[in-house]
Amino acid sequence: MTERMAVELDGVVKRFGAVTAVDGVSLAIRPGEVVALLGPNGAGKTSTVDMVLGLSEPSQGSVRVYGRAPREAVALGLVSAVMQSGGLLKDYTVGETVRLTAVLFGRPRERVEAVLERAGIADIRDRLVGKCSGGQQQRLRFAMALLPDPELLILDEPTTGMDVSGRHDFWSAIREDARSGRTVIFATHYLEEADAYADRVVFVRRGRVVADGTAAEVKALASGRTVRATLPGAVEQEAALRAMAGVDSVEVRGDSVLVHAKDTDEVARYLLTRTAARDLEIVARNLEQAFIALTSDEVTA
Amino acid sequence: MTTVVERSLPRWGGFSLGMIGLELRRMVRNRRTVVFTVVMPPVFYLLFGSSASYRSERLDGGGNVAGYVLVSMAVYGAMLATTSGGAMVSVERAAGWSRQLRLTPLLPGAYIAVKLVLAMIVGAVSVLVALVVGAFTGAELPAAAWVECGLLAWVCALVFAAFGLFMGYLLPSENVLQILGPVLAVLSFAGGLFVPVDQLGSTFARIAAFTPVYGVGQIARYPLTHEGNLWLAALSVVVWTAVFSVGAMWRFRRDTARV
Ligand SMILES: Nc1ncnc2c1ncn2[C@@H]1O[C@H](COP(=O)(O)OP(=O)(O)OP(=O)(O)O)[C@@H](O)[C@H]1O
Ligand SMILES: [Mg+2]
C-alpha cells in the first residue's frame with residue numbers, strides 16, 4: 001500500500017474567465033513536510049491554496065487532502081489556514097474570536113487557552129480585534145488555525161506587513177509548532193523565508209511548477225549573479241562566454257550582453273581585459289531572474 | 001501527529017447556542033445598533049405619541065390613541081431590529097469573515113439560521129422595551145392586546161429579517177444601515193406606522209397597501225382596532241417574506257459561488 005499523501009494535486013487547472021491562474025499543476029506532499037510555494041505576484045499561489053482549502057473548485061483536475069475532498073477535510077479540521085488578509089471581525093475580542101472558532105469545531109474551552117498560549121496572544125485576549133496590530137492579528141489567525149489541531153496547516157504569505165522582529169517571532173512560533181510533525185505549506189515571495197523554513201521548495205510561475213527541490217537547491221539557484229555590459233559585436237563573444245566555467249546562461253540584446261554566472265568576478269575580469277566591454281555592472285539575481293534562469297535551463301537542457 | 005485527535009462533524013451543521021451567545025454579545029457591543037433598534041422606537045413614541053391629548057383620547061375598542069401609536073412604534077422597532085440583524089452579513093462579507101467561516105464546519109444554512117435567530121432575539125427585545133416604556137408613560141391597551149399586539153409585531157417582523165439578509169447580501173457597503181435607515185423610514189410611512197395612510201391622500205393610500213410594512217402594521221394593530229382585512233394583510237406578509245427570502249437565497253448562492 002502506498003503512503004497516504006497529505007495533499008495530492010493531479011493536473012489541476014484554474015481559470016478565471018480568460019485568465020488561467022493555475023495551469024496544470026500536479027503535486028504530492030507527504031505528511032510532515034514543510035513546503036514553500038514560492039513565486040512572484042500573480043503566480044497562482046493563492047489560487048492553488050484556495051483549491052486545497054475547498055474555497056474554490058478546480059476548472060480541471062482533482063485535489064485530495066488526506067485522501068478526502070477538501071471541503072470534508074476542512075470540516076473535520078484536518079486542514080486549516082492562515083490567509084493572506086481579512087477574515088477577522090473588529091468588534092470581537094481576541095478571546096471571543098478563538099472561542100467562536102472552538103464552538104464551531106466543537107472543541108472544549110481548554111483548547112482555547114492552549115492555542116492562545118501557543119500563538120503568544122494569551123495576554124491580549126480581552127483586546128478588541130480592531131485595536132490589535134497587524135502582527136497580533138496575524139497571530140490571532142494563527143491561533144484560529146491551530147484550534148482544530150490540523151494535520152495540515154496552510155499559510156498564505158503569513159508575514160506580509162510585519163516588521164522584521166514580528167516576522168521573526170511569527171516564524172519562531174510556526175517552527176516550534178512544526179516540530180510536532182504537522183505538515184505545513186506556505187506561500188511566499190521571499191526566497192529567504194523559503195530557504196530558512198522549508199524542507200522543500202516548489203517554484204510556481206504563471207500557474208506552473210517550474211522547479212521542485214530542496215532548500216539547498218534553491219540556495220544554489222539564487223547564489224548566482226548577473227553581469228551586464230555594453231559590448232559592440234557581443235554576438236562574437238557569446239560562445240566564448242558560454243564556455244567559461246560557472247556560467248549558467250548568456251543573453252545578447254543588441255549591443256549589450258547579460259551573463260548569469262556563479263563566478264561573476266571571473267566573467268567581469270574577462271570582459272574588461274579581453275574584450276571592448278564597458279559600463280559593466282554586477283547585480284544579484286532576484287527571484288524573477290532566478291526563475292528565468294531556471295526556465296531557460298530547462299529549455300537548453 | 002503524535003496525539004490522535006478525534007475528528008467528527010458538529011451537530012446541526014454548526015448551529016449552536018454558543019455561537020448565538022457570542023454573536024449576541026458582539027451585536028450589543030455595537031452602540032449604534034443598540035440605539036437604532038432599542039432606544040429610537042420608544043423615544044419616537046415619547047416624542048410623538050404620548051402627549052396629553054393622545055392619552056385622553058379613547059379608542060372604540062378600548063385603550064387610548066397613545067396605545068395605538070405605541071403599537072406602531074413597536075412594529076417599527078421590531079422592523080429596525082430584525083432588518084439590522086439580517087444586514088449584519090454585509091459587514092461580515094466585507095471583512096472576509098464569511099470566507100473565514102468557510103474554513104470551519106459551519107454550514108451555510110446553519111449560518112443563515114443563526115442570523116435569523118439573532119434578528120428575532122433583538123426584535124423581541126426591541127418590542128418589549130417599547131411596550132414597557134409605553135406602559136409606564138400613559139399608553140393604554142386592553143389587557144389581551146398588550147400580549148397579542150406585541151407577539152404579532154414580533155412574529156411578522158420575520159419579513160424584515162429576510163429583508164435584512166437580502167440587503168446584506170445585495171449591498172456591499174460597510175454602512176448598510178445608513179442606506180437602510182431612510183429606506184425603512186419611507187416604508188414605515190407607506191405602512192402607516194407614523195401617520196394613518198389615508199391622511200396622505202387616496203392615491204398614496206392605494207399604493208401603500210402593496211408595500212411590505214402595510215400588512216405587518218395592520219396585523220399588529222388588529223387586536224386593538226379590529227379594522228381592515230386580516231386575510232389580505234396576512235397575504236401581503238407571506239408574499240413579501242417569500243420575495244425577500246428568494247432574493248436572499250439568490251444573492252447567497254452567488255456569494256458562495258464566487259471567490
Ligand atoms: N477571483 C479572481 N478573478 C479573476 N482573476 C483572478 C481571481 N483570482 C486570481 N486571479 C488571477 O489569477 C492569477 C493568479 O493569482 P493568485 O492570487 O493566485 O496569485 P498569487 O501567486 O497568490 O499572487 P500574490 O503573490 O500577489 O498573492 C492572477 O493573474 C490573478 O489576477
Ligand atoms: Mg496570493
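May I ask you to list the residues in the range A:34-78 that are within 23 Å of B:Leu107 (Cβ to Cβ), within 13 Å of ligand 1 (Cβ to nearest atom) and β-branched (Val, Ile, Thr)?
Across the range A:34-78, the qualifying residues are A:Val49, A:Val52.
Does the range A:121-138 contain at least one residue that is in the same structural domain as A:Val35 (by TED's automatic domain parsing) and within 16 Å of ligand 2 (Cβ to nearest atom)?
Yes, the conditions are met somewhere in the range A:121-138.
Does the range A:9-34 hold any residues that are of a type in the set (A, V, I, L, M) and over 15 Å from A:Tyr66 (Cβ atoms), and which are they?
A:Val12, A:Val13, A:Ala18, A:Val19, A:Ala21, A:Val22, A:Val25, A:Val34 - these are the residues of the range A:9-34 that are of a type in the set (A, V, I, L, M) and over 15 Å from A:Tyr66 (Cβ atoms).
Could you say whether any residue in the range B:10-22 is in a helix (DSSP H, G or I), in contact with a Leu (Cβ under 6 Å, 6 or more places away or on another chain) and away from chain A (no Cβ under 14 Å)?
no
Against the definition (more than 18 Å from B:Phe244 (Cβ to Cβ) and in a loop (DSSP other than H, G, I, E, B)), how does B:Val195 come out, yes or no?
So B:Val195 fits the description; yes.
Quick one: count up the residues across the range A:248-288 that are in contact with a Lys or Arg (Cβ under 6 Å, 6 or more places away or on another chain) and part of a helix (DSSP H, G or I).
Total meeting the criteria: 1.
Going by the conditions given, is A:Gly87 more than 21 Å from B:Arg11 (Cβ to Cβ) and at pLDDT 95 or above?
no
If I go through the range B:90-141 residue by residue, how many of them are aromatic (Phe, Trp, Tyr) and either within 13 Å of another protein chain (Cβ to nearest Cβ) or more than 30 Å from B:Ser53 (Cα to Cα) (or both)?
2
Restricted to the range A:178-192, and to residues that are assigned to a loop (DSSP other than H, G, I, E, B) and away from chain B (no Cβ under 14 Å), which residue is nearest to ligand 1 (Cβ to nearest atom)?
Checked the range A:178-192; the qualifying residue nearest to ligand 1 (Cβ to nearest atom) is A:His189.
From A:Ala6, A:Ala81, A:Ala18, which residue is within 16 Å of ligand 1 (Cβ to nearest atom) and within 18 Å of the chain's Cα centre (by Cα)?
Matching residue, one of A:Ala6, A:Ala81, A:Ala18: A:Ala81.
Would you tally the residues in the range A:14-37 being surrounded by fewer than 16 Cβ atoms within 10 Å (Cβ to Cβ) and among the hydrophobic types (A, V, I, L, M, F, W, C)?
Going through the range A:14-37 one residue at a time, the tally reaches 4.
For (1) surrounded by 21 or more Cβ atoms within 10 Å (Cβ to Cβ); (2) in contact with a strand residue (DSSP E or B) (Cβ under 7 Å, 6 or more places away or on another chain), each residue gets a yes or a no:
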residue: A:Glu176; (1), (2): no, no
residue: A:Ile185; (1), (2): yes, yes
residue: A:Phe203; (1), (2): yes, yes
residue: A:Ala239; (1), (2): no, no
residue: A:Ser249; (1), (2): no, yes
residue: A:Leu258; (1), (2): no, yes
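Whether any residue in the range A:164-177 is of a type in the set (Gly, Ala, Ser) and either assigned to a loop (DSSP other than H, G, I, E, B) or within 16 Å of ligand 2 (Cβ to nearest atom) (or both) is what I want to check.
Checked against the condition, which is being of a type in the set (Gly, Ala, Ser) and either assigned to a loop (DSSP other than H, G, I, E, B) or within 16 Å of ligand 2 (Cβ to nearest atom) (or both), the range A:164-177 yields no hits at all.
Within the range A:86-118, track down each residue that is of a type outside the set (D, E, K, R) and more than 7 Å from chain B (Cβ to nearest Cβ).
Scanning the range A:86-118 gives A:Thr93, A:Val94, A:Gly95, A:Thr97, A:Val98, A:Ala102, A:Pro108, A:Val112, A:Ala114, A:Val115, A:Leu116.
Tally up the residues in the range A:149-177 that are within 12 Å of another protein chain (Cβ to nearest Cβ), away from ligand 1 (no atom under 16 Å from the Cβ) and either touching a Leu at 6+ places or on another chain (Cβ under 8 Å) or of a type in the set (Val, Ile, Thr) (or both), please.
5
In the range B:166-180, how many are at pLDDT below 85 and touching a Phe, Trp or Tyr at 6+ places or on another chain (Cβ under 9 Å)?
1
Could you go through the range B:49-62 and let me know if any residue there is in contact with a Lys or Arg (Cβ under 6 Å, 6 or more places away or on another chain) and away from chain A (no Cβ under 12 Å).
No, the conditions are met nowhere in the range B:49-62.
Which ranges mark the helices (runs of 4 or more DSSP H) fully within the range A:94-151 that have 2 or more residues being under 20 Å from B:Ser98 (Cβ atoms)?
A:94-105, A:134-146
Please work out if B:Ala87 is away from chain A (no Cβ under 11 Å), over 30 Å from B:Ser245 (Cβ atoms) and assigned to a helix (DSSP H, G or I).
In short, no.
Residues checked against (1) among the β-branched types (Val, Ile, Thr); (2) closer than 20 Å to B:Ser236 by Cβ; (3) without any contact (Cβ under 8 Å) to a residue 12 or more places away in the chain:
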{"position": "B:Gly134", "(1), (2), (3)": "no, no, no"}
{"position": "B:Pro142", "(1), (2), (3)": "no, no, no"}
{"position": "B:Cys156", "(1), (2), (3)": "no, yes, no"}
{"position": "B:Asn175", "(1), (2), (3)": "no, no, yes"}
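Do we have any residue at all in the range A:204-221 that's within 16 Å of ligand 1 (Cβ to nearest atom) and either among the aromatic types (Phe, Trp, Tyr) or on the phi > 0 side of the Ramachandran plot (or both)?
Checked the range A:204-221: at least one residue is within 16 Å of ligand 1 (Cβ to nearest atom) and either among the aromatic types (Phe, Trp, Tyr) or on the phi > 0 side of the Ramachandran plot (or both).
Is at least one residue of the range B:31-44 more than 10 Å from chain A (Cβ to nearest Cβ), crowded, with 17+ Cβ neighbours inside 10 Å and outside any helix (DSSP H, G or I)?
No, the range B:31-44 has no match at all.
The values are calculated or read from the model by the stated rules, or taken from the named source; none is laboratory data. Everything numeric here is computed off the predicted structure, so don't read it as measured data. Backbone-built Cβ (ideal geometry, glycine too); neighbour counts: all protein chains shown.
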